[in-house]
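**Q** Handing you this structure, nothing more for now.
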Amino acid sequence: MAMNRTLFRGSVVTNHVVARITSRPNLCTRCQQRWSSVSQRPGSDRVQFPGAVNSKFTTGLKFQRASEDDAMPTYRILDQEGRIVDGAQQPPDITDSEAIRLYKDMVNVSVMDVIMFDAQRQGRVSFYMVSAGEEGIAVGSASALSLSDPIFAQYRETGLFQYRGFTHDDFMAQLFATKDDPGLGRNMPVHYGSKKLNMHTISSPLATQIPHAAGAAYAVKMQNMQNPMDEQRVVACYFGEGAASEGDFHAALNIAATRSCPVLFVCRNNGFAISTPTLEQYRGDGIASRGVGYGIDTIRVDGNDILAVREVTRQARELALKDGGRPVLIEAMSYRVSHHSTSDDSFAYRAKVEVEDWKRRDNPITRLRKWMEAKGIWDDEKERNLRADARKSVLTAYRKAENEKKPPLSSLMSDVYAEPTEEQKEQMAKLRSHLEKYPDEYDVSEFEGGMEGLTLEKK
Ligand SMILES: Cc1ncc(C[n+]2csc(CCOP(=O)(O)OP(=O)(O)O)c2C)c(N)n1
Ligand SMILES: [Mg+2]
């Protein structure tokens, strides 16, 4: 019998196939007015305190206990075997070619991840983080966004970049910190960004992107209002459940809710914040319950089911644009199959058998593959070709980037002040004389322009 309940840490998968986005209670318009005066009417059955305008009076003294409530259900379309769970529902709204595209993007991410994880082990790059097990969340949600929707990501959403059109050359330029890296090698590997693709650069301090996204969504709301004939945009913001423990998460959700900002908060709940399992991170019902707490329309989805993630994101985007805008929270349940990063050995804090079990039992890539095979649009030969092509493309870009020049030496100090300061000029002069004094110790030829690249000029 097919398993229809998968235990994510702290939640249960159900076969509910209606994308039931848990909506905030229907407040009357008067209650939503900022300056409305609330007074208690004689005989009213509910509280009219300004802080809880729709609460019924009760004589029963009962503490609300989260542990007694059912966990929010987890929406899915496919089961672990890639079969449609509920045949009575509309079939997935996706063309064969789009499904194949999603599949190819997930495989490309996973092939690159394996190569780059090994590259770090060989000392070719300093650091790397894989998305193993979570490729479906990034690729599936990206496919339901508009290319013009600004994205604020964490670091385990490589599939977003892949789907939007980041090439293997783009990935490698950042990973090897070449002259073609728009960040000029100032960030750690995997901190991608792309102005062209409307993707803000990833930042290491956890959760900082969440208030940024709420603020950007407020700006986008204004633009949507001022230019109603233009394509209406939303902001998409990604983070892990661990990042949701930061104060920034709470501030961002509250401001987005109170200012009705069109932003999709997409939380990847993969069971861990490095070595801290979710059981030790919180006691509530995942991250989804927090969305409801902030009055935000919220849904939980099976992150290993890419078709479900795509459908939920599509509907969430529509909802976020309704009535001038509002935030929506999506909690995508998954499991972090790999170590946290190349700096981590997860078998120090979790059993290998648990990881092997997840790998064998459930995976967004194999799930979609099974669905496509049953439809007759995928087979072993296509699979072999896809993997061979992906590997070849990654390795070609890898070799090219490895031999590429580094950013010019001046990038050590450029972009700090509009005009170079006297102090900066002095430091550059000192650096120049040091390099000239010890030419055998420093190979400046690997930096673009060599010694010429030391000139600190106004752009
Ligand atoms: C403010 C801050 N605190 C701590 C860290 C160290 N740190 C990096 S990743 C991470 C875990 C984040 O977990 P989660 O948000 O669930 O993302 P996941 O790695 O599971 O994808 C921690 C604690 C950090 N980068 N920034
Ligand atoms: Mg996590």
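**Q** Would you mention how many residues in region 152-171 are assigned to a loop (DSSP other than H, G, I, E, B) and in contact with a Phe, Trp or Tyr (Cβ under 6 Å, 6 or more places away or on another chain)?
**A** Selection size over region 152-171: 3.
**Q** Is it the case, given these coordinates, that residue 183 is within 16 Å of ligand 1 (Cβ to nearest atom) and of a type in the set (Gly, Ala, Ser)?
**A** no
Table: residues versus (1) of a type in the set (Gly, Ala, Ser); (2) in contact with a helix residue (DSSP H, G or I) (Cβ under 8 Å, 6 or more places away or on another chain); (3) closer than 20 Å to residue 218 by Cβ.
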residue: 244; (1), (2), (3): yes, yes, no
residue: 253; (1), (2), (3): no, yes, yes
residue: 260; (1), (2), (3): yes, yes, yes
residue: 270; (1), (2), (3): no, no, no
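**Q** Given the criterion at pLDDT 95 or above, among the small types (Gly, Ala, Ser), surrounded by fewer than 18 Cβ atoms within 10 Å (Cβ to Cβ) and under 25 Å from residue 318 (Cα atoms), identify the matching residue among 293, 286.
**A** Going through 293, 286 in turn, the sole match is 293.
**Q** Could you list all residues from region 207-230 that are in a loop (DSSP other than H, G, I, E, B) and either of a type in the set (Asp, Glu) or crowded, with 19+ Cβ neighbours inside 10 Å (or both)?
**A** The answer is 207, 230.
**Q** I would also like to ask the following. Does residue 217 qualify as being touching a strand residue (DSSP E or B) at 6+ places or on another chain (Cβ under 8 Å), under 28 Å from residue 308 (Cα atoms) and within 11 Å of ligand 1 (Cβ to nearest atom)?
**A** no
**Q** Go through 328, 337 for me and flag whichever is of a type in the set (Val, Ile, Thr), within 16 Å of ligand 2 (Cβ to nearest atom) and under 30 Å from residue 91 (Cβ atoms).
**A** Selected residue: 337, the only one of 328, 337 that is of a type in the set (Val, Ile, Thr), within 16 Å of ligand 2 (Cβ to nearest atom) and under 30 Å from residue 91 (Cβ atoms).
**Q** A follow-up question, please. Residue check: is residue 80 loosely packed, with under 13 Cβ neighbours inside 10 Å and of a type in the set (S, T, N, Q)?
**A** No: the conditions fail for residue 80.
**Q** Further question on the same structure: Could you list all residues from region 256-274 that are farther than 16 Å from residue 224 by Cα and surrounded by fewer than 19 Cβ atoms within 10 Å (Cβ to Cβ)?
**A** 258, 274
**Q** Are there any pairs, at least 6 apart or on different chains, whose C-beta atoms fall under 8 Å, with the first in region 262-283 and over 19 Å from residue 156 (Cβ atoms) and touching a residue at least 40 places away in the same chain (Cβ under 8 Å) and the second more than 8 Å from ligand 1 (Cβ to nearest atom) and part of a strand (DSSP E or B), and if so, which?
**A** That search, which allows pairs on different chains as well, returns 262/235; 263/235; 263/236; 263/237; 263/328.
**Q** If the requirement is being more than 16 Å from ligand 2 (Cβ to nearest atom) and under 20 Å from residue 330 (Cα atoms), which of these qualifies: 137, 151?
**A** 151
**Q** Got a sec? Which of 233, 186 is among the charged types (D, E, K, R), part of a loop (DSSP other than H, G, I, E, B) and either within 16 Å of ligand 2 (Cβ to nearest atom) or more than 28 Å from residue 130 (Cβ to Cβ) (or both)?
**A** Just one listed residue meets the conditions, 233.
**Q** Something else: Name the pairs whose Cβ atoms lie under 9 Å apart, with the first residue in region 237-256 and at pLDDT 95 or above and more than 10 Å from ligand 1 (Cβ to nearest atom), the second outside any helix (DSSP H, G or I) and among the basic types (Lys, Arg), and 6 or more positions between them or separate chains?
**A** That search, which allows pairs on different chains as well, returns 256/326.
**Q** Is it fair to say residue 174 is surrounded by fewer than 21 Cβ atoms within 10 Å (Cβ to Cβ) and in a helix (DSSP H, G or I)?
**A** So residue 174 does not fit the description; no.
**Q** Take the residues in region 301-329 that are farther than 24 Å from residue 284 by Cα and in contact with a Gly (Cβ under 6 Å, 6 or more places away or on another chain), then tell me which one is surrounded by the most Cβ atoms within 10 Å (Cβ to Cβ).
**A** 306
**Q** Next question. Just checking, how many residues over region 145-183 are in contact with a helix residue (DSSP H, G or I) (Cβ under 7 Å, 6 or more places away or on another chain), of a type in the set (A, V, I, L, M) and closer than 22 Å to residue 123 by Cβ?
**A** Count: 3.
**Q** Could you tell me which numbered condition residue 204 fails, if it satisfies all but one of (1) within 16 Å of ligand 2 (Cβ to nearest atom); (2) buried (at least 16 other Cβ atoms within 10 Å of the Cβ); (3) within 17 Å of the chain's Cα centre (by Cα); (4) free of Cβ contacts under 8 Å to residues at least 60 places away in the same chain?
**A** Single failed check for residue 204: (2).
**Q** Test residue 272 against the stated conditions and say whether it is among the hydrophobic types (A, V, I, L, M, F, W, C), modelled with pLDDT of 95 or more and within 12 Å of ligand 1 (Cβ to nearest atom).
**A** It is true that residue 272 is among the hydrophobic types (A, V, I, L, M, F, W, C), modelled with pLDDT of 95 or more and within 12 Å of ligand 1 (Cβ to nearest atom).
**Q** Taking region 330-348 as the search range and keeping residues that are farther than 14 Å from residue 117 by Cβ and of a type in the set (Gly, Ala, Ser), which one is surrounded by the fewest Cβ atoms within 10 Å (Cβ to Cβ)?
**A** 348
Quick grid of which residues meet (1) at pLDDT below 95; (2) of a type in the set (S, T, N, Q); (3) within 24 Å of residue 307 (Cβ to Cβ):
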site	(1), (2), (3)
357	yes, no, yes
364	no, no, yes
386	no, no, yes
391	no, no, no
394	no, no, no
408	no, no, no
419	yes, no, no
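The values are calculated or read from the model by the stated rules, or taken from the named source; none is laboratory data. Being a predicted model, the structure only gives us computed values, none of them experimental. Virtual Cβ from ideal backbone geometry, glycine too; neighbours counted across all protein chains shown.
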